[in-house]
Amino acid sequence: MKETITYLTDERNLTEALEIMTSVSTLYLTTIDSEGFPSTRAMLNLRNPRLYPQFAEEYAGETNPLTVYLSTNTSSEKFSQITACDKASLYFCKPQQFRGVMLRGRIEIIPDMEFKRRIWRPKWKMYYPGGVESDDFTMLRFVPDSVKIYSNFSVRKSQI
């Protein structure tokens, strides 16, 4: 695969990255475990406006257009890994089309209860039985510093 380096100011790169990110239902989060190895798992794609319209306003207010919100259990291994090392990557893909977007960046914990209440959906109770105010419900904000777009058998890397 040929790799070219561009900058996210290239509108084509931003448009293609957002098209892939907003069209899939699942994303893959990779964090670093306690032994320094990558640990990857599937996550709900809160960037998909069809599935999670409540986030549209939040994303519109972001200065980094590729910021992604995630939800998780505070009791999870992933939460412990993020607390120990905030470096992570997200991968969104359309495998049948050989297209994908890999974001590299950092994750922060969102302690704001007002934010949590605003985005909460009742169906999430299956993941967080204690509800929105549960100590086991956590929202995260991933802010990328670079993006790789895999498309047409080439890779375009952009700094943000």
Inset, instruction - Consider T15 carefully, then state whether it is part of a helix (DSSP H, G or I) and either in contact with a His (Cβ under 7 Å, 6 or more places away or on another chain) or surrounded by fewer than 16 Cβ atoms within 10 Å (Cβ to Cβ) (or both). - result: yes
Legend entry - Which numbered condition Y150 fails, given (1) touching a Gly at 6+ places or on another chain (Cβ under 6 Å); (2) surrounded by fewer than 13 Cβ atoms within 10 Å (Cβ to Cβ): (2)
Inset, instruction - Could you grab me the full set of residues in segment 92-126 that are among the aromatic types (F, W, Y) and either in contact with a helix residue (DSSP H, G or I) (Cβ under 7 Å, 6 or more places away or on another chain) or buried (at least 17 other Cβ atoms within 10 Å of the Cβ) (or both)? - result: F92, W120
Legend entry - Sole exception among (1) assigned to a strand (DSSP E or B); (2) exposed (fewer than 13 other Cβ atoms within 10 Å of the Cβ) for T63, by number: (1)
Inset, instruction - Could you please find all residues in segment 30-60 being in a loop (DSSP other than H, G, I, E, B) and not hydrophobic (A, V, I, L, M, F, W, C)? - result: D33, S34, E35, G36, N45, R47, N48, P49, R50, Y52
Inset, instruction - Go through (1) under 16 Å from S25 (Cβ atoms); (2) assigned to a helix (DSSP H, G or I) and name the single condition E114 misses. - result: (1)
Inset, instruction - Answer yes or no: is there a residue in segment 95-108 that is within 26 Å of E133 (Cβ to Cβ) and touching a residue at least 24 places away in the same chain (Cβ under 8 Å). - result: yes
Inset, instruction - From T138, T72, T83, grab the single residue that is more than 23 Å from I20 (Cβ to Cβ), in a strand (DSSP E or B) and in contact (Cβ under 8 Å) with a residue 24 or more places away in the chain. - result: T138
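Read-outs throughout are calculated quantities, based only on the coordinates presented, and are distinct from any laboratory measurement. From a predicted model like this one, the values you see are computed outputs, not experimental measurements. Note that each Cβ is placed from the backbone with ideal geometry, even for glycine, and that neighbours are counted across all protein chains shown.
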